[in-house]
Structure formats: C-alpha cells, structure tokens
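A short write-up of the structure that comes next.
What follows is calculated from the coordinates using simple rules that are stated; it is not laboratory data. On a predicted model such as this, the values are computed, not experimentally measured, just so you know. Because the Cβ atoms are built from the backbone with ideal geometry, glycine has one as well, and the counts that use them run over all protein chains shown.
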Amino acid sequence: MTIVYLDVVFLLNGVLDYLLLLSAARLASVPLHRLRLLGGALLGACYAAAVFLPGMGFLSHPVCRVLCAAAMALAAYGGGRQGLRLLLLFLALSCALAGILVMISLLWDGHLSYPRGIPVTPPDWKALLLAAAGCYWLSATVLRRLVPSHGRELIPVKLRWDCRQVSMTALYDTGNLLSGPDGSPVLVAHWQSVAPLLPDIPRIRREDVCDPVGGLSRIGAGWGAGRLHLLPYQGVGAGRGLLLAVRVDSAVLDSRVIHRQLVALSPEPLSDGRYQAVIGR
C-alpha cells in the first residue's frame, strides 16, 4: 500500500508544474508573467492533491486531466491561438519529463510511485529538490537550445516617465538596426501604447506621429528640452523617412534597466496584438 502525503503531493506537483509552464513559455519565446505561471502551477497542485481525497477518484479520468491542463494553460498564458500552442507544448514537455522525474527518483532511492497517475514521493526534501532541479535543467536549458530562435523573441518592457509607467511586449529582432545618435538601439513602439506615459499638455495626436516634423514643431519644448527627436530610418520596401521619437526616463527590457531610452513612435500597430514594440541588437 502506498502512503500518500497530501502536502508533499501538493508541493511536488506545484514545483514541477511551475517549471513546466515556465519552460514552455521560454521555448515559445513569449514574455514571462511569473504570477500567472504561479497561478497555473497552484491550480495543478490543487488538482493533484484533490485526486486523493475521498470520493474524488473520478478526477484521475483522462478527460479530467485534459480539462485541468487546459485550465492551467489558460491561467498561465491566456486564451487564443498562442494559448493553444503553449498548451500543446506544455503537454509535450509533461510527457517527456515524466520519465526524467522517474529516473532521478530511482537513482536517489527508488521510492517514487504514480498512484492514480500523480507523482508521489516520500517526505524526502533532498529527493524532491533533486528531481525538480533535474527537470528544470533539462526543459529550460537543453531543450531550449535545440529550438532555433532566428534572432527573434518576445520580451516584456516597462517604460517610465516621472511617476508614470506603461508595460508592453516587444519583439527582440537582431535584424532591426535602428539606433539613436549615440549608437544605442531604439525601441520602436505603437504610439497609442506609449501615449499614457506622455504629458497631457500638449497631448500627442496621431497627426503628430504621421507628420513628425509638424509634431515636433507643435509640441516643441512643451515636454522639456531634449525629450523629442527626429530619427531618420530606412526600411525594406518602405523607402526612407523620419520617425518622431521621445526620450523616456528609463526602460526595463527583460529585467535590464536602460536610462533615458529613446522610443520611436509608429503611427500603425506593429503586429496583430502579439507585441506592441520592436527593438534590435
């Protein structure tokens, strides 16, 4: 007879679910929302513990498993096509790493078992941490290196100006060579994504972005000296032109802080909603 410790089942499955959700997001090169990932992992941990409660054995049915995985993916990644893609990747990683978890546990003490299809281990913290570390190393390091990034991935971005702040998702594209006067990379963002950050007087309009010279003339020094710039650019199939750019106080690009980041304003959205900005190099 296998003795099940619900607290250990909850913790073990919570840790593994979090690592799998995190690894799926990294493999797909999507921004990491760790609180949402934690919420999905807690949902999976609650499900794993609930399976062993009296009268709850029906939860081990494959249909219930799939529904729980879908709920975890929805909580961690959101819906839509991207959520479905991440759900399939999460399921694939779960199947692949189940064998690794068994192997690590057998090498340690051989006590791991799967009653009702749920990983269960005795209260041995060393074995638990070793299993979790092994799964994370394989999924987040080895598997990620096997997936080519082609120099394009999505990263979270936070822009700050005085006490205001906006968050968005940016596409990191090594093919984007737009840079400022000092040679530093310029963040190109849809103007409406940046507008809540900018001063109200004078308030920026779409006409200012479509006509950068006129926008610079209208706004002038109203936002302070050195805030507005005109940036020349050249795009494939788009010819040459000018972009109205604003220098914000700071930008946090995937946990890296850059002071006085230059942000070029695009009059049109840069994607179908997956990201609102692009930065290169």
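Please work out the Kirkwood hydrodynamic radius for region 169-248, using every pair of different C-alpha atoms, and report it in angstroms with one decimal place.
Averaging 1/r across every pair of different Cα atoms and inverting gives 13.6 Å.
May I ask you to order 179-192, 55-68 by the average number of other C-beta atoms within 10 Å around their residues, highest value first?
Numbers: 179-192: 17.4, 55-68: 12.9.
Put in order of decreasing packing, that is 179-192, 55-68.
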